[in-house]
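The structure appears below as structure tokens.
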Amino acid sequence: MKRLVCATLLGAAAAAQAGDIVLYTRAHFGGPALQLHGSEPDLDKLGFNDKTSSVVVQSGTWEVCENKYYKGRCLVLEKGEYAELKNFNDMMSSVRELEARPPAKDKRVQK
Ligand SMILES: [Ca+2]
């Protein structure tokens with residue numbers, strides 16, 4: 001028998017563990033939105049540079065930064081809804097997911 005089904009299920013389980021964040025171009029979750037399931041060092045590539053005005057963190061803990069590649073000022077956002085980004089409106093240029101748990105010694109992954 002084929003093992004493809006098994007591999008697909010494993011892939012789905014791995015995806016469910018990853019965090020999710022939604023970026024909105026307007027305050028209070030309005031305007032075009034962008035959902036991310038992983039880190040993005042350059043939001044410009046997705047047409048979302050300096051556009052984010054509100055955020056929903058659905059799972060995980062995320063760091064958002066004012067410049068590409070996680071440079072400049074950054075905010076750490078935990079699970080929750082952020083209807084306004086005071087002092088960070090239309091500045092976000094990169095987003096990354098922070099490790100929720102310390103990585104296992106021998107499974108440390110360079111991101
Ligand atoms: Ca920026």
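The values are calculated or read from the model by the stated rules, or taken from the named source; none is laboratory data. On a predicted model such as this, the values are computed, not experimentally measured, just so you know. Backbone-built Cβ (ideal geometry, glycine too); neighbour counts: all protein chains shown. In case anyone asks, the SASA skips ligands and DNA or RNA and just uses the protein heavy atoms, side chains included. Shrake-Rupley method; radii C 1.70, N 1.55, O 1.52, S 1.80 Å.
Residue pairs, Cβ under 8 Å, 6 or more apart or interchain, first in segment 31-52 and within 13 Å of the ligand (Cβ to nearest atom), second open to solvent by 30 Å² or more (accessible area, probe 1.4 Å) and modelled with pLDDT under 95. List them.
Every condition considered, no pair remains.
Under 8 Å between Cβ atoms, which residue pairs at least 6 apart in sequence (or on different chains) link something in segment 70-86 that is touching a residue at least 40 places away in the same chain (Cβ under 8 Å) with a partner that is open to solvent by 100 Å² or more (accessible area, probe 1.4 Å)?
From segment 70-86, the pairs are ALA83/HIS28; GLU84/HIS28.
When you go through (1) within 12 Å of PHE88 (Cα to Cα); (2) within 12 Å of the ligand (Cβ to nearest atom); (3) under 12 Å from the mean Cα position of the chain (by Cα) one by one for ASN67, which number turns out not to apply?
(3)
If ASN87 meets every condition in (1) modelled with pLDDT of 95 or more; (2) open to solvent by 50 Å² or more (accessible area, probe 1.4 Å); (3) within 16 Å of the ligand (Cβ to nearest atom) apart from one, which number is that one?
So ASN87 meets the others, but not (1).
I'm checking my understanding of the structure. Among residues of segment 19-30 that are in a loop (DSSP other than H, G, I, E, B) and open to solvent by 30 Å² or more (accessible area, probe 1.4 Å), which one is nearest to the ligand (Cβ to nearest atom)?
Start the filter on segment 19-30 by keeping residues that are in a loop (DSSP other than H, G, I, E, B), which leaves 19, 27-29.
Checking which are open to solvent by 30 Å² or more (accessible area, probe 1.4 Å) leaves us with 27-29.
Values: ALA27: 17, HIS28: 21, PHE29: 20 Å.
If we take residues in segment 19-30 being in a loop (DSSP other than H, G, I, E, B) and open to solvent by 30 Å² or more (accessible area, probe 1.4 Å), then ALA27 is nearest to the ligand (Cβ to nearest atom).
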